[in-house]
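Only one structure is covered here, and it is reproduced in the block below.
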Amino acid sequence: LFAGETDFVKGVVAMDGMPPDDRLEVCFAGRSNVGKSTLINALTGRKALARASNTPGRTQEINFFTCGESHYLVDLPGYGYANAPVKTVEKWQRLLKAYLSGRASLRRAFVLIDTRHGVKAVDEEIMSLLDRSAVTFQVVMTKADKVKESEREAILTQVRGAIAKHPAAYPEMILTSSEKGLGIDVLRAVIATLV
Ligand code: GDP
């Protein structure tokens, strides 16, 4: 699945710009700066693939990447920007709701959580939206290398507690570090079973 070409397909700002949902896909959500672009690049083995989605102006778009012959990886816009204008947040929420409720080909959402910070209020909001949209989601912990092993367990316990409240949550989370290559193969394998 990840051996072939991965390419940026398009950035979408409205539902009518979505590529046809004729292939299975998974999507990635997370607070801005959680390490989403870096993770997508690590997954696909492409150094600058998801950088396009991080450039100013692209951050409010849903970005589609091909994965293998007939699948998409979907990069949702980062949320939780400090000082984001209300109008921007509202526009983002409308697009996200439309995507999550209207995408038959979406198999799973991965919600990225920074291992240093655990689940924040904005992450809870996304998880609740996923519940309401009946989209199964799985938590991916990012930047695990930034937290000492002895300190990880307390965070992971907090995250497990948060996940337990969400009916759409897949109970197992995946611990990753794009920097160290930790957990990337596990995430690839999970995606391969889904699409
Ligand atoms: P995004 O806004 O979620 O797309 O976040 P980025 O992928 O741009 O990453 C934000 C910052 O975190 C960058 O400076 C990355 O180099 C850094 N980062 C991302 N993943 C890791 C990781 O696994 N370990 C460490 N130490 N830093 C990371």
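Readers should treat all values here as calculations from the given coordinates under stated rules, not as data from a laboratory. Bear in mind the structure is a predicted one, so any value in this text is a computation, not a measurement. Note that each Cβ is placed from the backbone with ideal geometry, even for glycine, and that neighbours are counted across all protein chains shown.
If PHE110 meets every condition in (1) in contact with a Leu (Cβ under 6 Å, 6 or more places away or on another chain); (2) within 15 Å of GLU25 (Cα to Cα) apart from one, which number is that one?
With (1) in contact with a Leu (Cβ under 6 Å, 6 or more places away or on another chain); (2) within 15 Å of GLU25 (Cα to Cα) applied to PHE110, the lone miss is (1).
Counting only residues that are of a type in the set (A, V, I, L, M) and farther than 16 Å from ASP114 by Cβ, which one in the range 139-185 is nearest to the ligand (Cβ to nearest atom)?
My answer is ILE184.
Do you know which residues across the range 80-105 are among the basic types (Lys, Arg) and part of a loop (DSSP other than H, G, I, E, B)?
The answer is ARG103, and nothing else.
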